[in-house]
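**Student:** Below you will find the structure I want to go over with you.
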Amino acid sequence: MPANFLHGVETTRIARAVRAIFVVKSAVIALLGCAPTGPVNASTLCLTETDGAAFGPTLDGFNIPDTLDAIYDQGAGTVIVINVLDPAVHKTAVANEAAVFDAATGRLKTAHPAIAALVVKSSDGNTTYTEGTDYTVTPLTGEIVRVAGGQIAAGATSVKLSYDYADPSKVTPADLIGAIDGVTGKKTGMKLLPDTYQRFGFFPKILIAPGYASLASVSSELIAWGDKLSAKALIDAPIGTTRDQAVAMRGPTVENSPFNTSSRSAILCYPHVKVYDSANDSTKLQPLSARLAGVMAAKDLDKGYWWSPSNTEIKGIVGLELDLSARIDDPQSDVNLLNEVGIVTVFNSFGSGFRVWGNRQANFPSETGLTTFIPVTRTQDVIDESIRYFSLQYIDQPISQALIDAIVESINQFLRKLKGDGALLDGICWYDPARQTEAELANGHAIFSYKFTPPPPFERGTYESELTSEYLVNLKGA
C-alpha cells in the first residue's frame, strides 16, 4: 500500500495475470482388501512393484498382492493400498498339525501361510524344538528348514506343529467398510479414503476391492465413496455367475445383487478372468476389476483420461471364466447383450486377444446420452475438481473486475488447452451479471459459469451400402 507521504519514487506490484490450472491425478487406484503382511488399516502409497512387495507375495486368499500384480501387469498406476487384515484379530489357531520333513531338502511347509507363534514338537509330543537351534522358519510362507546338528533327526522326520495363521476368511464386510473410533478418532477400512488428499495431495479415482466388491454390502459402500470422491467404483459379479444371471442381476429379481444400481460412479465388471498361478503351476480365476483398474490407469497415462478403456487389450490373462461369443457385427452376441444392460465385459475373438469391452457406467440403460459414458463423466469429474482446487488462490480476495477477469480467463485458457489436447471438443467460461444479485455479492458470493463438451467414444458405426448398376456404362471397347 502506498505511503501517505513520500518524497521520491516507489513501485506498486499489480497481479492481473491469469493463473494456470493444474489437472488433478486420474490414474490413482484405491485397493482395499487383505494382505499377509504390511501396514494394517493405513493408506499406503505404492508407485512400483517394489513398493507393493511390502504386502507380501501372492498367496491364496489374500487379494492385495494378487491385485497389485494384475495392476502392474498393465504397465503403470499409482495405488493407495488399505489392508484391513489384522493378524492379531483375523487369525485361526492350529494345534498338532502333522508334518514330515523332506528327506532330501530338510524342509517342510505348514498347511497355511502367514503364520505366527509357531511351536514345533516331536511326533510323540515329548520334545519341543528350538527355533534357530533346531530349525528356521519363514513365517510369511510357512516354510520350516531343519538345522543340521540340531535335535531334529535328518531324513523324513515327522513333527507336530502348532501355530496361528492370518485368516482372510475372518475378514467381514464391516472390516472393509470400516469405522471411526469414537475415543481415539482412529479410522479403518474405507473411512480412510477421504484422508488420502491430506496425506498425498490427491484422491483415488478408481476404487476396487476384488473378491469383496461382489458382496452387495461392500459394493454399495464402495459406490457411495465413488460419489463422494468423484471416482469410479469397479464392481464384480460373484464367481460362478452365468451370462443370464449377470443380466438378471441388473434388476430386482436377484436378492443382494451388487449390479442392482444406476449410479454413474459404478462400473459393472463380468466375468472373472483366468490367470496363471505360478505357485501351483495352474490357472486360477481373478475378478475382472483387478485388471480393468490397471487398464484404466495405464490408458490415462498413455492417452488421457478422456479415452475409453474399452477395446484395450488386457495383459496377463489366459482365458475367461466362461466363453462369451464376441463379434462386432452381431447384436445377438454375448458381449453385446452384456453391454446393452450396462455391463463391461471382455471381447475375445479371432486374432483380437482379450480386450476390455464396454463404454457405459451402471446408469445405463436407465439413463442415456453423454452422462452414461465412462470417459465423458471422468473428464467432467477431473475438470470440475481441477477448477475447484485452482480457486483456492483467489478465495478471500476483494471482489473486483480484475478478480472476475482473472478467474474467467484462467478457466478459458484451461479449457482451450484441453481442447488442444483432444480432451474437449470445446468449452467456455463466463461471468453473467444477470445471474448475480446485489444481496449475494454483498454477502461475498459470486457465480461463474462454464460449459464444455468431451468427445464421446465412437461406439457404433453404420455404413450405408448401395449396390448400383450405374457404373456399367463406363465400360469401353479396346
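The values are calculated or read from the model by the stated rules, or taken from the named source; none is laboratory data. What you are looking at is a predicted structure, and each value in this text was computed from that prediction instead of being measured. Positions of Cβ are generated from backbone atoms using ideal geometry, with glycine treated the same way; all protein chains shown enter the neighbour counts.
Okay, residues lined up against (1) part of a loop (DSSP other than H, G, I, E, B); (2) surrounded by 17 or more Cβ atoms within 10 Å (Cβ to Cβ); (3) within 28 Å of the chain's Cα centre (by Cα):
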| residue | (1), (2), (3) |
| --- | --- |
| I328 | yes, no, yes |
| N339 | no, yes, yes |
| V356 | no, yes, yes |
| T368 | yes, no, yes |
| R378 | no, yes, yes |
| I387 | no, yes, yes |
| I407 | no, yes, no |
| Q413 | no, no, no |
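**Student:** Ok, one more. Residues of the range 129-161 being within 27 Å of V89 (Cβ to Cβ), surrounded by fewer than 17 Cβ atoms within 10 Å (Cβ to Cβ) and of a type in the set (S, T, Y), which ones?
**Tutor:** T138
**Student:** Looking at the range 69-77, is at least one residue closer than 30 Å to V275 by Cβ, in contact with a Cys (Cβ under 8 Å, 6 or more places away or on another chain) and assigned by TED's automatic domain parsing to the domain that holds L32?
**Tutor:** No, there is no match, as no residue in the range 69-77 is closer than 30 Å to V275 by Cβ, in contact with a Cys (Cβ under 8 Å, 6 or more places away or on another chain) and assigned by TED's automatic domain parsing to the domain that holds L32.
**Student:** Here's a follow-up. Only residues that are closer than 16 Å to Q286 by Cα, out of contact with any helix residue (DSSP H, G or I) (no Cβ under 6 Å at 6 or more places or on another chain) and in a helix (DSSP H, G or I): list them for the range 49-72, please.
**Tutor:** N63, D66, D69
**Student:** For V335, are the conditions met, namely being within 24 Å of the chain's Cα centre (by Cα), surrounded by 18 or more Cβ atoms within 10 Å (Cβ to Cβ), part of a helix (DSSP H, G or I) and among the aliphatic types (A, V, I, L, M)?
**Tutor:** When the stated conditions are applied, V335 passes them.
**Student:** Kindly indicate whether any position in the range 235-250 is within 18 Å of the chain's Cα centre (by Cα), at pLDDT 95 or above, of a type in the set (A, V, I, L, M, F, W, C) and over 23 Å from D69 (Cβ atoms).
**Tutor:** No: zero hits.
**Student:** Within the range 423-438, identify whether any single residue is of a type in the set (F, W, Y) and either assigned to a helix (DSSP H, G or I) or within 19 Å of L370 (Cβ to Cβ) (or both), and answer yes or no.
**Tutor:** Checked the range 423-438: no residue is of a type in the set (F, W, Y) and either assigned to a helix (DSSP H, G or I) or within 19 Å of L370 (Cβ to Cβ) (or both).
**Student:** Oh, and also: Given (1) part of a loop (DSSP other than H, G, I, E, B); (2) small (G, A, S); (3) in contact (Cβ under 8 Å) with a residue 40 or more places away in the chain, where does A30 come up short, assuming only one miss?
**Tutor:** (1)
**Student:** Taking the stated definitions as given, is D51 closer than 19 Å to T141 by Cβ and surrounded by fewer than 22 Cβ atoms within 10 Å (Cβ to Cβ)?
**Tutor:** It is false that D51 is closer than 19 Å to T141 by Cβ and surrounded by fewer than 22 Cβ atoms within 10 Å (Cβ to Cβ).
**Student:** Any idea which residue in the range 269-321 is nearest to I71 (Cα to Cα), counting only those that are part of a loop (DSSP other than H, G, I, E, B) and among the small types (G, A, S)?
**Tutor:** Once the filter is applied, the top-ranked residue is G316.
**Student:** Say whether the condition of being more than 29 Å from W306 (Cβ to Cβ) and of a type in the set (S, T, Y) is met by at least one residue in the range 426-439.
**Tutor:** Within the range 426-439, one or more residues are more than 29 Å from W306 (Cβ to Cβ) and of a type in the set (S, T, Y).
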